[in-house]
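Asks: Mind looking over this structure? Questions follow.
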Amino acid sequence: MPIAVDIDVMLAKRKMSVGELAERVGITPANLAVLKNGRAKAVRFSTLAALCEVLECQPGDLLRWETDGAVDPTVL
């Protein structure tokens, strides 16, 4: 999928667990896992806004577009 999800990066920067983020955002850890692993087909703006509020970041810090098949070496 050409949209990459970088929630793990922000979690590491904020030293926050997936469980804590899920609780603070108000979603289940299972739904957060689907989103952070790039398996979600959609995300509500309200969920994205809550993630940004809790992680103190911008949507572009969590989501980025990449061409199909391309690997960004800065992420590895």
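The values are calculated or read from the model by the stated rules, or taken from the named source; none is laboratory data. Here the structure is a predicted model, which means the values were calculated and not measured. Glycine also receives a Cβ, built like all others from the backbone with ideal geometry; neighbour counts cover every protein chain displayed. All accessible areas refer to the heavy atoms of the entire protein, side chains included, with ligands and DNA or RNA removed. Shrake-Rupley method; radii C 1.70, N 1.55, O 1.52, S 1.80 Å.
Asks: Convert each backbone phi in segment 58-67 into a coupling constant with the Karplus relation 6.51 cos²θ - 1.76 cosθ + 1.60 (shift: θ = phi - 60°), then list the ³J(HN,Hα) values in order as whole Hz, x for Gly and Pro.
Replies: Rounded to whole hertz, the list is 9, x, x, 6, 9, 10, 8, 9, 9, 5.
Asks: Something else now. Name the GluC sites (Glu not before Pro) in segment 1-74 that are in a loop by DSSP and that have at most 16 other C-beta atoms within 10 Å, would you? Spell out each step's value before the answer.
Replies: Values: sites: GLU20, GLU23, GLU53, GLU56, GLU66; in loops: GLU56, GLU66.
Here the sparse-neighbourhood loop sites are GLU56, GLU66.
Asks: List, in order, the whole-Hz ³J(HN,Hα) value for each residue of segment 19-27 obtained from phi through the Karplus relation with A = 6.51, B = -1.76, C = 1.60 and θ = phi - 60°; use x for Gly and Pro.
Replies: x, 5, 4, 4, 5, 5, 7, x, 10
Asks: Given H placed on each backbone N at 1.01 Å, which residues far from LEU63 in sequence or on other chains put an amide H within less than 5 Å of it?
Replies: Long-range HN contacts for LEU63: ASP6.
Asks: Please give the solvent-accessible surface of VAL9 in Å², to the nearest 10, using a probe radius of 1.4 Å with every protein chain present.
Replies: Approximately 60 Å² of VAL9 is accessible to the 1.4 Å probe.
Asks: Ok, one more. What 222 nm value per residue comes from the helices of the chain, counting each DSSP H run with n ≥ 4 as -39,500 (n - 2.57) and dividing by all residues, nearest 500 deg cm²/dmol?
Replies: Working: 5 runs with 39 residues, N = 76.
Calculated from helices alone, the mean residue ellipticity at 222 nm is -13500 deg cm²/dmol.
Asks: Rounded to the nearest percent, how much of the accessible area of the chain (1.4 Å probe, protein heavy atoms only) is carbon and sulfur? Intermediate results must be reported in sequence, preceding the final value.
Replies: Values: 2880 of 5170 Å².
The nonpolar share, carbon plus sulfur, comes to 56 percent.
Asks: Which option, (i) 12.1, 34; (ii) 14.4, 53; (iii) 11.2, 30, is the value of Rg and Dmax of the Cα atoms in Å that was calculated from these coordinates?
Replies: Answer by label: (i).
Asks: If you keep only loop residues by DSSP, which trypsin sites (Lys or Arg not before Pro) in segment 14-50 have at most 14 other Cβ atoms within 10 Å of their Cβ? If you can, show how the numbers build up before the last one.
Replies: Details: sites: ARG14, LYS15, ARG24, LYS36, ARG39, LYS41, ARG44; in loops: LYS15, ARG39, LYS41, ARG44.
Taking segment 14-50 and a limit of 14 other Cβ atoms within 10 Å, the loop trypsin sites (Lys or Arg not before Pro) found are LYS15, ARG39, LYS41, ARG44.
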